[in-house]
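I have placed the structure first, in the form of structure tokens, so that the comments after it can refer back to it.
The values are calculated or read from the model by the stated rules, or taken from the named source; none is laboratory data. Note that the structure is a prediction, hence the values are computed from the model and not measured. All Cβ positions, glycine included, derive from the backbone under ideal geometry; neighbour counts span all protein chains shown.
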2 protein chains.
Amino acid sequence: MLLPFGTGGGNSAIKMLEKITVDIFNDSSQNLLEKKGLKKTKLRLELIQHFKEAKHAQAYSDLKQALVSDVDKSTLYRNLSIFEEVGLIHGINDHTGVTKYALGSEPSSGHGHAHFVCECCETVYCMNGTTELQFEMPHGFKPKNVQTIIKGICANC
Amino acid sequence: MLLPFGTGGGNSAIKMLEKITVDIFNDSSQNLLEKKGLKKTKLRLELIQHFKEAKHAQAYSDLKQALVSDVDKSTLYRNLSIFEEVGLIHGINDHTGVTKYALGSEPSSGHGHAHFVCECCETVYCMNGTTELQFEMPHGFKPKNVQTIIKGICANC
DNA sequence: TATTTAAATGCAACTCTGTTGCATTTGTAA
DNA sequence: TTACAAATGCAACAGAGTTGCATTTAAATA
């Protein structure tokens, strides 16, 4: 499963710099933080590196376990929020109720990309296909973004 | 927004009776419980009635607040699990991290129905259109069920 | 109708996710 | 080197959801 293509574009008021387009999958971690106007701390560099190497979406618990830096819970959560706002990562919600994150920003209109959730090992993978609405919305409902969750059995199970 | 059409079919080992097909939207609450082999307690009857009247998906907190019966947390959660296993309701996970439930069972193959999540009021609505995969799965991945989450602004916001 | 029993409920204690306020530390620009 | 905003750590917290166990209740049986 290939990872999604990402384009910048958060929606908060952190910095104007965040609008700058980056190539999340090719730029260096240093560059990404710089372009987004975020300070290059040890944790953040390690976090981005980890996301780049991750084969599937990461929950807080996965990150806490994988990171060398002994980071505080609040700091890690805060960085996940910031990274998401800034478009470096995107969150995915499966049936387990815990949010998992993967590299790349969420596309923001019409169609979105899909995630595969393994029913067996609960791993979440990003798919590189996109999905589009195949039916009409009821009156008054304005869709902005479509996310598809495919449940099934993954290649490792 | 119309509610989804439901067909029975849980996947646990609670009772063989659960395989019996019911018409969730027309059968009486009494009948539904009976056909599923569940005892007709005051709480369950009220719960089903509430789901029938609900205009959108219900989280634990919504139910706790809406129900006349002063039910314990564990009892309510246990009933939600049972109802879901038995195919009376299905859970939906949006970005808020709390599971919301709506009447009807989740379809179990190929395509699934869609949910609309309002970015403003966080209400979840069931849509009656279905979605299908528009791309090929990577080798080794076996899809069983597709759920679509549409984020946007609802008719009330 | 009274008896019996498995299913359902209530209670208490707990785990885990995620958040917030505030003091301290650190990256970076001047 | 200094200074300041940003980032971190700490502590305390709220809420979702779970589990074991004692008690109660629905409903089948006598």
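Spot the failing condition for B:VAL124; the list is (1) within 16 Å of DNA strand D (Cβ to nearest atom); (2) assigned by TED's automatic domain parsing to the domain that holds B:ASN26, and only one is missed.
Among (1) within 16 Å of DNA strand D (Cβ to nearest atom); (2) assigned by TED's automatic domain parsing to the domain that holds B:ASN26, the lone unmet condition for B:VAL124 is (2).
At the interface with another protein chain (Cβ under 8 Å from one of its Cβ atoms), of a type in the set (Val, Ile, Thr), within 20 Å of A:VAL146 (Cβ to Cβ) and touching a residue at least 12 places away in the same chain (Cβ under 8 Å): does that describe B:THR99?
Numbers: at the interface with another protein chain (Cβ under 8 Å from one of its Cβ atoms): yes; of a type in the set (Val, Ile, Thr): yes; within 20 Å of A:VAL146 (Cβ to Cβ): no; touching a residue at least 12 places away in the same chain (Cβ under 8 Å): yes.
Judged against the criteria, B:THR99 is not a match.
Name the single residue that is surrounded by the most Cβ atoms within 10 Å (Cβ to Cβ) among those in the range A:38-54 being in contact (Cβ under 8 Å) with a residue 40 or more places away in the chain and more than 9 Å from DNA strand C (Cβ to nearest atom).
Narrowing the range A:38-54 to residues in contact (Cβ under 8 Å) with a residue 40 or more places away in the chain: A:38, A:48, A:51-52, A:54.
The next check asks that each one be more than 9 Å from DNA strand C (Cβ to nearest atom); those that pass are A:48, A:51-52, A:54.
Values: A:ILE48: 24, A:PHE51: 21, A:LYS52: 16, A:ALA54: 16.
The selected residue is A:ILE48.
Filter the range B:110-130 down to residues that are small (Gly, Ala, Ser) and either more than 8 Å from chain A (Cβ to nearest Cβ) or in a loop (DSSP other than H, G, I, E, B) (or both) and give me whichever is surrounded by the most Cβ atoms within 10 Å (Cβ to Cβ). Before the answer, list the steps.
Here is the first cut: in the range B:110-130, the residues small (Gly, Ala, Ser) are B:110, B:112, B:114, B:129.
Checking which are either more than 8 Å from chain A (Cβ to nearest Cβ) or in a loop (DSSP other than H, G, I, E, B) (or both) leaves us with B:110, B:112.
Working: B:GLY110: 12, B:GLY112: 23.
Residue satisfying both the conditions and the ranking: B:GLY112.
Run B:GLY87 past the list (1) crowded, with 23+ Cβ neighbours inside 10 Å; (2) farther than 24 Å from A:CYS126 by Cα; (3) at the interface with chain A (Cβ under 10 Å from one of its Cβ atoms) and report the number of the one that doesn't hold.
(3)
Return the only residue of B:LEU80, B:LEU67 being surrounded by 18 or more Cβ atoms within 10 Å (Cβ to Cβ) and within 12 Å of DNA strand C (Cβ to nearest atom).
Values: B:LEU67 fails: surrounded by 18 or more Cβ atoms within 10 Å (Cβ to Cβ).
Testing whether each residue is surrounded by 18 or more Cβ atoms within 10 Å (Cβ to Cβ) and within 12 Å of DNA strand C (Cβ to nearest atom) leaves just B:LEU80.
Restricting the first residue to the range B:131-155 and requiring it to be at the interface with chain A (Cβ under 7 Å from one of its Cβ atoms) and over 20 Å from B:ASP94 (Cα atoms), which pairs with a second residue that is of a type in the set (A, V, I, L, M) and surrounded by fewer than 14 Cβ atoms within 10 Å (Cβ to Cβ) meet a Cβ separation below 9 Å and a spacing of at least six or different chains?
These pairs meet every condition: B:PRO138/A:LEU2.
Would you be able to tell me the number of residues in the range A:34-71 that are over 18 Å from A:ALA102 (Cβ atoms) and near DNA strand D (Cβ under 8 Å from one of its atoms)?
9
Within 17 Å of the chain's Cα centre (by Cα) and either modelled with pLDDT under 95 or surrounded by fewer than 18 Cβ atoms within 10 Å (Cβ to Cβ) (or both): which single residue out of A:SER74, A:SER105 fits that description?
Values: A:SER74 fails: within 17 Å of the chain's Cα centre (by Cα).
After applying the criteria, what remains is A:SER105.
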